[in-house]
Amino acid sequence: MEIIKTPIQGLLVITPNVFGDERGHFFESWSKKAYQNIGLDLDFVQDNQSLSQKGVLRGLHFQHPPFAQGKLVRVIKGSVIDVSVDIRKDSKTYGEHFSIKLSEENKKVVWIPPGFAHGFLTLENDTIFTYKCTGVYNKESEGALLWNDPELNIDWGVERPLVSEKDLIAGNFKDFKSQF
């Protein structure tokens, strides 16, 4: 597998080794030992999966400590623009974001450590997005930043995505007080 360090410390893009032939393809989407070999000793406790139509934007979500989650995210079917925002207040890249296209074709995986807000925009109908989490969901600890916050200046490539009511009223970054 290929490991690509992003400009934001701790945030990694991982491309698995894919073995294909006339029958199709095979790859390991997760291997505890392989990730330990690259310095990530992860203990996942919950898997999540979503199905979305084209133009759905989910995010920017996070869980406050002590329920913070690391996430290993990928697309099973379709494609997304995946965005991670550094909300670690002592980080050199606090408030900066990284975006990447994830798709069933490129099979890329992103490791998002605790201390990031995360979201994605679906680019195709019937997109299946999955993520492994290092912590369980806790409703009282959930947080969100506004997907189109002017200070974050994220180029999603759309003006009017389909966004949940909860995400429409998420907080602004300038008023955000990070607990990370």
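The selection criterion, being open to solvent by less than 30 Å² (accessible area, probe 1.4 Å), more than 20 Å from Arg160 (Cβ to Cβ), in contact (Cβ under 8 Å) with a residue 60 or more places away in the chain and out of contact with any Ser or Thr (no Cβ under 7 Å at 6 or more places or on another chain), does not hold for Thr134. Of the residues making up the stretch 39-69, just one is in contact with a Leu (Cβ under 8 Å, 6 or more places away or on another chain) and either farther than 23 Å from Gly119 by Cα or among the polar types (S, T, N, Q) (or both), namely Gln53.
A single member of Ile100, Ile8, Ile81, Ile38 is modelled with pLDDT under 95 and either in contact with a helix residue (DSSP H, G or I) (Cβ under 6 Å, 6 or more places away or on another chain) or among the β-branched types (Val, Ile, Thr) (or both), and it is Ile38. When the residues of the stretch 143-152 are filtered to those that are in contact (Cβ under 8 Å) with a residue 12 or more places away in the chain and more than 15 Å from the chain's Cα centre (by Cα), the one that is most open to solvent (accessible area, probe 1.4 Å) is Glu151.
Working only within the stretch 24-53, note down all residues that are assigned to a strand (DSSP E or B) and surrounded by 10 or more Cβ atoms within 10 Å (Cβ to Cβ). Selection gives Phe26, Gln46, Asp47, Asn48, Ser50, Leu51, Ser52.
For the stretch 153-180, the set of residues classified as closer than 20 Å to Ser52 by Cβ, charged (D, E, K, R) and open to solvent by 100 Å² or more (accessible area, probe 1.4 Å) consists of Asp155, Glu159, Arg160, Glu165, Lys166, listed by residue number.
Does the stretch 14-23 contain at least one residue that is touching a residue at least 12 places away in the same chain (Cβ under 8 Å), crowded, with 19+ Cβ neighbours inside 10 Å and assigned to a loop (DSSP other than H, G, I, E, B)?
No - not one qualifying residue is present in the stretch 14-23.
Taking the stretch 114-147 as the range and being more than 16 Å from Val73 (Cβ to Cβ) and either of a type in the set (D, E, K, R) or assigned to a loop (DSSP other than H, G, I, E, B) (or both) as the test, the residues that pass are Glu124, Asn125, Asp126, Val136, Asn138, Lys139, Glu140, Glu142, Leu146, Trp147.
Can you tell me which condition Lys89 does not meet? The list is (1) among the charged types (D, E, K, R); (2) closer than 24 Å to Gly157 by Cα; (3) not in a strand (DSSP E or B), and all the others hold. Unmet for Lys89, out of (1) among the charged types (D, E, K, R); (2) closer than 24 Å to Gly157 by Cα; (3) not in a strand (DSSP E or B): (2). Only one of these is open to solvent by less than 30 Å² (accessible area, probe 1.4 Å), on the phi < 0 side of the Ramachandran plot, touching a His at 6+ places or on another chain (Cβ under 6 Å) and in contact (Cβ under 8 Å) with a residue 12 or more places away in the chain: Val73, Val80, Val85, Val56. Name it. When all the criteria are applied, what remains is Val85.
Within the stretch 103-123, is even one residue without any contact (Cβ under 8 Å) to a residue 12 or more places away in the chain and open to solvent by 10 Å² or more (accessible area, probe 1.4 Å)? Break it down stepwise before answering.
Just the residues of the stretch 103-123 that are without any contact (Cβ under 8 Å) to a residue 12 or more places away in the chain, to begin with: none.
No - not one qualifying residue is present in the stretch 103-123.
Residues of the stretch 78-86 include none that is in contact with a Pro (Cβ under 7 Å, 6 or more places away or on another chain) and part of a strand (DSSP E or B). The single condition among (1) open to solvent by 20 Å² or more (accessible area, probe 1.4 Å); (2) not in a strand (DSSP E or B) that Ser99 does not meet is (2).
The values are calculated or read from the model by the stated rules, or taken from the named source; none is laboratory data. What you are looking at is a predicted structure, and each value in this text was computed from that prediction instead of being measured. All Cβ positions, even for glycine, are placed from backbone atoms using ideal geometry, and neighbour counts span all protein chains on display. Just the protein is used for accessible areas: all its heavy atoms, side chains included, with ligands, DNA and RNA removed. Shrake-Rupley method; radii C 1.70, N 1.55, O 1.52, S 1.80 Å.
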